[in-house]
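Just so it is clear, none of the values below were taken in a lab; they were calculated from the coordinates. Model, not experiment: these values are computed from the prediction. Glycine also receives a Cβ, built like all others from the backbone with ideal geometry; neighbour counts cover every protein chain displayed.
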Amino acid sequence: MGHLIGKEYCLDHLVEVAKSIVLAIHKAPQITGKTEIQAEILWGDDLEPIIEVLGPVAKVARYVQWDYETIKRCHEKGESPVIINLGAKVSTSNLGWNCGACGFDTCREFNRYSKNDSGGGGQLGGPCCNWKLLDYAIACDWACASAWHYNVDNRIMGSLGFALMALGYLPEADVRLGLALGPPRDMVYYSREEMHKTLDYEQDKMDMIRCVPTMFTGFPGGGNPMYKTKQDWWAPPEYMGVGYSDAAMEVMQEVLYEQVPEIVVKHADAVAARYTKSN
Amino acid sequence: MRRYVEDLNFQGEEYVSEWTPWSPQDIRRKKGVLEAARLMLNSALTAPFAGGVPSTEAHLVYGQEELEALARKMEELAHTNSAWKKAFLYEAVMVRDSDVILLIGNTRCHETPLDAGCGMCGGTMDCGYFYEKKNHKYGLVDITDRSSPRMIDGPLCSARVNDMGYAVGSALWTARTLMVDARPFASVGIAGHKLGYCPKSGMVVGIPVAAKAKNPYVDVNVDYHLINMDKVLDNTRKIYQTARIIRGFDYRKWVPKPVNTDKEED
């Protein structure tokens, strides 16, 4: 006997669905059969450090802004998504195939580079043995497909992968992505109702001018075309410029090397402690 | 506008069986697998992709000669590398035992990277690892020299490779949903690519597909390239024929009987 009313039980059940999805992640077929996939589940207030880290990054990357705002707004109104952290160790090849896909002639050379010379992981980790990365991606896809079959709105996110890496989640992994699940309604992460009225018409139009400039290019025969950025675009004419941007780089530096580390410092020990306990 | 003409001639019967191979009843069965593989391909095209950018091409390969050519290429490659020799030889057997091969490639991983500075290719904070090893002008990669001695002309944009993993994963998910057996293989992908399948791709994964009583891709024995169903059947032809030759009676006149049998044989 029972009677479930309201939305709380649905939100609670998302965690159970996430557990089932993790089973699909571990069941996913592999090409190499030698890639260990790692999966964890986060929800509720445990999303707050992730939201906090994404905050400054959202200021310099629109796609991060969209993920950040969506997750944050859902969380703030009591409809917190559930996030599956997906990781794998793919920066070392134990295949010996010497296929060349990584850019080196042999796996041994790649492994030496990976150990000694790489930058130690970019936004999403790396370097990668591409065959092992395929195993990882298949598992990520099975997570998405599984969520789809449960009819839970979901999106696999590089933005979350960056936050997971910054905060030290999945310490054994060297690539990370996050799968955001729910809340239980349609189009949370596509068309994004949460983001309504975030951008006005002019901002949206300027995005398109910057991202798809050929759509706004005037006659190019002169070699320096005018750009049709307004109704009477010819009077006075406007031109596109390309150049290094001190302002853009300063903001990027500030975000990545000052603001994000400041937030990470607040949470890193608590995150690390979880892995120590579980060991 | 041409009107839809409804075909109401809906009657018939089809006999389907996996035995004997390449018989009409077996080919009907294979056609069902081809339909499944087509849907797997569609699923691959709808997988999540970074930025929603289309970068997948695919080939469906079926038929006795086509599968044999693919298997032979895999066997040729097997002997070039001791690390994958056994796997490639075993998987060549699986290709011969398959109904349809689905090859999925990524058309951008070697030429038009994501350019997002994700670092997955080389672990750096930008795309320098990829571009420094490529022949390019201001970021436009020149792929016209296809003479690389490597099996795969890396480095590749790992974000695109990751996308290809999504495509392969979705194809495999659909295979699982449709209850056809399927498995992703590097060997099939590399051999298929060398044969010219998925010609615009920088990397290819092969997925053999089958609908048979026994899943061709699991439960293999040792020396599978030497001991498998084809070989067992051929071995039977070899041994049993010779075993008949050394018999000596005219069955119309006399047939040997077991000793100590009370009743007459029929």
Worksheet item: Which whole-number percent is the relative contact order of chain B (Cα, under 8 Å, 6+ apart)?
Response: 23 percent
Worksheet item: Is the shape of the stretch B:1-114 rounded, prolate or oblate, going by the alpha carbon gyration tensor and its root eigenvalues a ≥ b ≥ c, with a/c under 1.5 for rounded and a/b larger than b/c for prolate?
Response: oblate
Item to complete: Indicate the gyration tensor shape class of the stretch A:194-279 (rounded, prolate or oblate), computed on the Cα atoms with a ≥ b ≥ c the square roots of the eigenvalues: a/c under 1.5 is rounded; otherwise a/b larger than b/c is prolate and the rest oblate.
Response: prolate
Worksheet item: How much FRET efficiency would the formula 1/(1 + (r/R0)^6) give for residue A:76 and residue A:117, where r is the Cβ-Cβ distance and R0 is 30 Å, rounded to 0.05?
Response: 0.10
Practice prompt. Describe numerically, in nm with one decimal, the distance between label points set 7 Å from Cα along Cα→Cβ at residue A:248 and at residue B:230.
Written response: 5.6 nm
Discussion item. How large is the Rg to Rh ratio of the stretch A:133-257 when both quantities use alpha carbon positions and Rh follows Kirkwood?
Written reply: 1.11
Item to complete: Take peptide A:97-110, look around each residue's Cβ out to 10 angstrom, count Cβ atoms belonging to other protein chains, and average those counts.
Response: 6
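Any idea what the dipole of the protein assembly as shown comes to, in debye rounded to 20, about its Cα centre with Lys/Arg Cβ at +1 and Asp/Glu Cβ at -1?
Values: 60 positive and 70 negative charges, 348 e Å.
The dipole magnitude comes to about 1680 debye.
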Response to the item:
Compactness summary of the stretch B:82-202: radius of gyration and Dmax from Cα atoms, Å, are 16.2, 48
Worksheet, complete the sentence: Taking R0 as 60 Å and r as the Cβ-Cβ distance between residue A:211 and residue B:246, the FRET efficiency 1/(1 + (r/R0)^6), rounded to the nearest 0.05, comes to 0.15
Worksheet item: With Cβ to Cβ distances under 14 Å as the rule, what net charge do the other residues near residue A:107 carry (K, R +1; D, E -1)?
Response: +4
Discussion item. If the only charges are +1 at each Lys and Arg Cβ and -1 at each Asp and Glu Cβ, what is the size of the charge dipole of the stretch B:24-221 around the Cα centre, to the nearest 20 debye?
Written reply: 300 debye
Practice prompt. Any chance you could list the semi-axes, whole Å, largest first, of the equivalent ellipsoid that the Cα gyration tensor gives for chain B, using √(5λ)?
Written response: 48, 26, 15
Worksheet item: Any idea how far the Cα center of the stretch B:148-180 sits from the one of the stretch A:110-186, in Å?
Response: 15 Å
Worksheet entry | the protein assembly as shown, Cα convex hull volume normalised per residue, Å³ | 309 Å³
Worksheet item: Taking the mean number of other Cβ atoms within 10 Å as a proxy for protection, how do you rank A:227-240, A:50-63, A:147-160 from highest to lowest?
Response: A:147-160, A:50-63, A:227-240
Worksheet item: For residue A:148 and residue A:270 in one chain, what is 0.36 nm times their gap in residues minus the Cα-Cα distance, to one decimal in nm?
Response: 40.6 nm
Worksheet item: How do B:183-191, A:78-86, A:1-9 rank on mean C-beta neighbours within 10 Å, highest first?
Response: B:183-191, A:78-86, A:1-9
Worksheet item: What share of all Cα pairs of the stretch B:153-227, in percent, falls into each consecutive 5 Å distance bin?
Response: 3, 14, 19, 23, 18, 13, 8, 2, 0
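Counting only helical runs of four or more DSSP H residues, what would the 222 nm mean residue ellipticity of chain B come to if each run contributes -39,500 (n - 2.57) and the total is spread over all its residues? Spell out each step's value before the answer.
Working: 7 runs with 103 residues, N = 266.
Roughly -12500 deg cm²/dmol at 222 nm, from the helical runs in chain B.
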Practice prompt. Before anything else, pin down the relative contact order of the stretch A:140-279: Cα pairs under 8 Å, at least 6 apart, normalised by residue count, whole percent.
Written response: 19 percent
Worksheet item: Once you sort the root eigenvalues of the Cα gyration tensor of chain A as a ≥ b ≥ c, which label holds: rounded (a/c under 1.5), prolate (a/b larger than b/c) or oblate (the other case)?
Response: oblate
Discussion item. How far apart, in nanometres, would the label points at residue B:22 and residue B:136 be if each is projected 7 angstrom from Cα along the Cα-to-Cβ direction?
Written reply: 4.7 nm
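Would you mind putting B:36-46, A:264-274 in packing order, based on average other-beta-carbon counts within 10 Å, highest first?
Final packing ranking: B:36-46, A:264-274.
Taking only C-alpha pairs under 8 Å that are 6+ residues apart, what is the relative contact order of chain A in percent?
This gives 22 percent for chain A.
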Worksheet entry | Shielding by other protein chains, B:168-178, mean Cβ within 10 Å | 5
